[in-house]
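This report refers to the structure that appears directly beneath it.
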Amino acid sequence: MTTHSPLAIEATGLVKTFGEVRAVDGVDLAVRSGSVYGVLGPNGAGKTTTIRMLATLLRPDAGSARVLGHDIVSEAEAVRGLVSLTGQLASVDEDLTGWENLVLLGRLLGLKRPAAKARATELLDAFGIAEAAGRLVKKYSGGMRRRLDVAASIVVTPQLMFLDEPTTGLDPRSRNQVWDIIRALVAEGTTILLCTQYLDEADQLADRIAVIDRGTVIAEGTAGQLKASVGSGALHVRLLDPDQRPEAEGVLGRELDGVHLESDPAALSAPCADADRAAEAIAELSRAGVSIANFSLGQPSLDEVFLALTGRPAEESASEPADATREEQPA
Amino acid sequence: MSTSPTTSGRSEPLANETALRNALASTPRPPRPSAVSAALTFGWRGMLKVKHVPEQLLDVTITPVMFVVMFTYIFGGAIAGSTAEYLDYILPGILVMSVLFTTIYSGVALNTDLTKGVVDRFRSLPIWRSAPLVGSLLGDTVRYLVGGTVIIVLGLALGYRPDAGIIGVLAALALVIVFAFGLSWVFMTIGLLLRSPSAVLNAGFMGIFPLTFLSNVFVKPETLPSGLEAFVNVNPISVLADASRGLMAGNAATEDLAIVLGTAALLTAVFAPLTTRLYRSR
């Protein structure tokens, strides 16, 4: 058994070039077993290419990696036997029903026919898509498709799961459902490598986060460390009555520093990382008779993280299309 | 579906939490499936697709049916003297054409898969590398059989009476399908090289259409200019059509059969490994 190795993924200096473009330019990763590791970066940063190398779909041009103790090049077959991949594109067959997809994968993973059928039904029930079991996947909503996709990845429990932007394009409710599933998987001890563009997603789910930009890791640590290095978030307040904004500005100015009036005439914000201080400021506002429509204590966005780490906003570089390898022909 | 509310109190519970927990509980990993089992599973996938979209079989059956009817009744008299005589000549040829046209769809289907994410999933599974490809060919056999059977039934309805009877007809159908397997690998390679399913379809027809017409499927080669006749005589499709006619008439030349089987084996030997390689690396 290789499960007891402290590191589920150990990558050093991974490089992948497509033509002139170095999509991944020396990525190092160390992912502990049983943890969720977030890889955070904008489109084109090299996240998908990294995941595809680790899942043995692409051969690295340089560097090496061991996944669950097996080399991703020389022992690719062993790696494939232990991991599962949920790609950025839905990795299920749209022309089959949800149930057929899961039976198909069960059979391909070595389950006997009755076991594969039972497992498919069990997963559809558990993921709340039982009523769509007999419907073609192309008629599924985005959220259902994503859940089926995750279900397809755990037909046989993997030791390590690659999740590539599992919630991109989902509405908030579907996103929460996918998050719940991921949390439940983690509770069962599955190691997860999660690629995402959203800081809050990484923050919600990941134990450690690597920020990746232009094919290299530019920061690594826990969500807390990362945010500390980036600076605080902000308290955003939206008033019921825009006319009260000057008053609110005065109150917030006393409680917090650097009040900022937003372009929305009813909205203002102030930098604030501390929930207690934010609560106090809100209390002061209501004591002063200012009616609040809503407020939030926002985390720094990916943009702000990038601004802080690189001195420039996160940009969508054209270097890595959403799925680089499909665009690039191997020589 | 009604489930008890989950603890997190969302407006719409995802599912029963116990069910989720049970479903996620680690299951022992079964041994990896054998190559045959994996390929058969992919064959099942191909058949499910036909089941869900049976209309796709129309594409591959209507054209040959039109050819049989049009050629027999419009050109039959002029080419062979009588429609009945021409039907005897053309029917085995159209059987060949019908099944070979269908092989293009093997490449189209593979290319369609590639444009979706599902291939990544298959490639990340610990299965025999060629299983998805061999399996889809097995599934395609259903199409070949349907395409071939439609032509044979149509021929019988129009008055075609093969001398070798049902055995001869089945032998011819089997031979054509074996050749189709070989040719399918070529189109699967093309399916992996081109960018869109419609490009594969166009390229396929651009290849197979002239090859079919520059064969003895429709006319006897002796009636052609000598340069063309030489080409038609070495065209494997001519040999296949001759062999099918021979099997149906009960007088197949062993040499033709050997050439057909040899060509199929050669195509498979060259293009099957090539396709597998491309499938892995793309």
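Points worth noting:
- Pair list, Cβ under 6 Å, 6 or more apart: segment B:104-120 residue more than 13 Å from chain A (Cβ to nearest Cβ), other residue charged (D, E, K, R): B:S106/B:D140
- Residue match in segment A:83-99 (condition: buried (at least 19 other Cβ atoms within 10 Å of the Cβ), within 11 Å of chain B (Cβ to nearest Cβ), modelled with pLDDT of 95 or more and in a helix (DSSP H, G or I)): yes
For (1) in a loop (DSSP other than H, G, I, E, B); (2) closer than 17 Å to B:D88 by Cβ; (3) at pLDDT 95 or above; (4) aliphatic (A, V, I, L, M), each residue gets a yes or a no:
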| residue | (1), (2), (3), (4) |
| --- | --- |
| B:G139 | no, no, no, no |
| B:V142 | no, no, no, yes |
| B:V153 | no, yes, no, yes |
| B:R161 | yes, yes, no, no |
| B:I167 | no, no, no, yes |
| B:L201 | no, no, no, yes |
| B:G204 | no, no, no, no |
| B:G207 | no, no, no, no |
| B:F218 | yes, yes, no, no |
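- Any chance B:A80 is within 14 Å of another protein chain (Cβ to nearest Cβ) and either hydrophobic (A, V, I, L, M, F, W, C) or crowded, with 21+ Cβ neighbours inside 10 Å (or both): no
- A count restricted to segment B:229-246 and to residues that are in a helix (DSSP H, G or I) and under 21 Å from the mean Cα position of the chain (by Cα) stands at 10.
- Test: A:A116 is assigned to a helix (DSSP H, G or I), within 19 Å of B:L125 (Cα to Cα), modelled with pLDDT of 90 or more and at the interface with chain B (Cβ under 10 Å from one of its Cβ atoms): yes
- Top-ranked residue of segment B:7-21 - restricted to ones that are modelled with pLDDT of 75 or more and facing another protein chain (nearest Cβ under 7 Å), ranked as surrounded by the fewest Cβ atoms within 10 Å (Cβ to Cβ): B:R21
- Applying the criterion of being under 16 Å from the mean Cα position of the chain (by Cα) and among the basic types (K, R) to the residues of segment B:22-50, the residue that is surrounded by the fewest Cβ atoms within 10 Å (Cβ to Cβ) is B:K49.
- Residues that are more than 17 Å from B:L20 (Cβ to Cβ) and assigned to a helix (DSSP H, G or I), drawn from segment A:133-174: A:V137, A:K138, A:K139, A:G142, A:R145, A:P172
- The selection criterion, being in the same structural domain as A:L68 (by TED's automatic domain parsing) and at pLDDT 90 or above, does not hold for A:T121.
- Whichever residue in segment A:100-111 is at negative phi and within 8 Å of chain B (Cβ to nearest Cβ) and, among such residues, is surrounded by the most Cβ atoms within 10 Å (Cβ to Cβ): A:L105
The values are calculated or read from the model by the stated rules, or taken from the named source; none is laboratory data. All of these numbers come straight from a predicted model, not from anything done at the bench. Positions of Cβ are backbone-derived with ideal geometry, glycine not excepted, and every protein chain shown enters the neighbour counts.
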